[in-house]
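What follows draws every value from the coordinates through simple rules; no lab data is involved. Keep in mind that this is a model prediction, so the values were computed, not measured. Using ideal geometry, Cβ is built from the backbone for each residue, glycine included, and neighbour counts are taken over all protein chains shown.
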Amino acid sequence: MQFDEFDEFTRKLCLETQKTILSVYENPDMVVETKADQSPVTFADKETEREIREAIQVLYPEHGIKGEEYDDLNPGSDFTWVIDPIDGTKTFTAGCPLFGTMIALLKDDEPIFGCINFPALGKRISSDSHSTFVNGVPATATSGKSLKDALLLTTDYSEVAKRQNGKAFETLVSKTKMTRTWGDCYGYYLLATGNADIMIDPIANPWDIMALVPIVRGSGAIITDWSGNDPAKGDSIIAANVNLHSEVVAILNS
């Protein structure tokens, strides 16, 4: 099984599913439901995941599927697809274009392929952990930048103190050049393309994490959980360029 096969499959699939997403994007009358965990969900979230699942079942019927909106399929399979139909639903419902569809493929629970499609931006990033591409063009994270010159991103500023050490986060903020909330999957896109230096999320689900692992690694950056361990087994993310990551982990865990 090759990167090109999965890349082309998901590229074509995302071209189809983005039609569903864009059909309701920026619609002030969009119906937004609230799930049991108080997170929002829309018709586009559910329909996009349904379309992706259907396509996978046709081409790879023996593979497992794990997604945000529906129950697991074929648990225990050697290969498992992990789907976040719209990462950044709050962003999506607000009419902000920094949301994306995330698809990952795991082999024996290890992410071997990941892609993120940004329907409102016309961009798609994909990787096999060795090389990362944006619309087919190689992407590389920054290197050699000092912490005082770094751009730090996170999805929700207030969420860090709720989930992790808020004082340690404020220390990190004080040591960096600039902090912004260009978050969700778009923050990792900016990291992998060399436009940001650090991206963190204090809490994350498997469908938030798995596609990011190959993308960040393939760009030359480092991704772990909050403690610096395997992100695929964790529930949080610290991603940063290669010379800053260990320093960021140390500060956030001080």
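Observations on the structure shown:
- Anchor Lys123: lysines whose Cα lies under 20 Å away (excluding residues fewer than 8 positions away in-chain): Lys12, Lys19, Lys90
- Oblate is the label for the stretch 34-147, because the ratio a/c of its alpha-carbon gyration tensor axes (a ≥ b ≥ c) is 1.5 or higher and a/b is not greater than b/c.
- Dipole moment magnitude, nearest 20 debye, the stretch 147-252 about Cα centre, only Lys, Arg, Asp, Glu C-beta charged: 240 debye
- For the stretch 93-128 and the stretch 147-185, distance of Cα centres in Å: 22 Å
- Which of Ser158, Thr42, Gly114, positive extreme of dipole for the chain (C-beta unit charges): Ser158
- Ascending count of other beta-carbon atoms within 10 Å, so fewest first, for Leu212, Leu147, Leu172: Leu147, Leu172, Leu212
- Candidates Asp37, Asp108, Asp235: whichever shows maximal mean-square fluctuation once the chain is modelled as a Gaussian network with Cα springs under 10 Å: Asp37
- Applying a DSSP loop filter and a limit of 14 other Cβ atoms within 10 Å to the GluC sites (Glu not before Pro) in the stretch 30-67 leaves Glu62.
- Put a plus charge on the Cβ of each Lys and Arg, a minus charge on the Cβ of each Asp and Glu, and nothing anywhere else: the dipole of the chain about its Cα centre is then about 1060 debye.
- Ratio of Rg to Rh for the stretch 105-218: 0.98 [Cα atoms; Kirkwood radius as inverse mean 1/r over pairs].
- Theoretical ellipticity at 222 nm over the chain - DSSP helices of four or more residues, -39500 (n - 2.57) apiece, nearest 500: -10000 deg cm²/dmol
- Amide hydrogen proximity for Ala196: with H placed 1.01 Å from N in the peptide plane, the residues at 5 or more positions away or on another chain lying under 5 Å are Leu191.
- The convex hull built on the alpha-carbon positions of the chain has an orientation-averaged projected area of 12.5 nm².
- Projecting the Cα atoms of Phe92, Phe9, Pro61 onto the charge dipole of the stretch 3-138 (Cβ charges, centred on the Cα centre) puts Phe92 farthest toward the positive pole.
- Beta bridges per DSSP with both ends in the stretch 147-252, % antiparallel, nearest 5: 55 percent
- Order of Tyr188, Tyr60 under a 10 Å beta carbon neighbour criterion, fewest first: Tyr60, Tyr188
- Considered as an equivalent ellipsoid built on the Cα gyration tensor, the stretch 173-254 has semi-axes of 17, 15, 12 Å, the largest given first.
- Under Karplus coefficients 6.51, -1.76 and 1.60, residue-wise ³J(HN,Hα) of the stretch 115-127 in Hz, glycine/proline x: 8, 10, 9, 10, x, 7, 10, x, 10, 9, 10, 8, 6
- Inter-label distance, nm, simple model (7 Å from Cα along the C-beta direction), Arg11/Ser39: 2.9 nm
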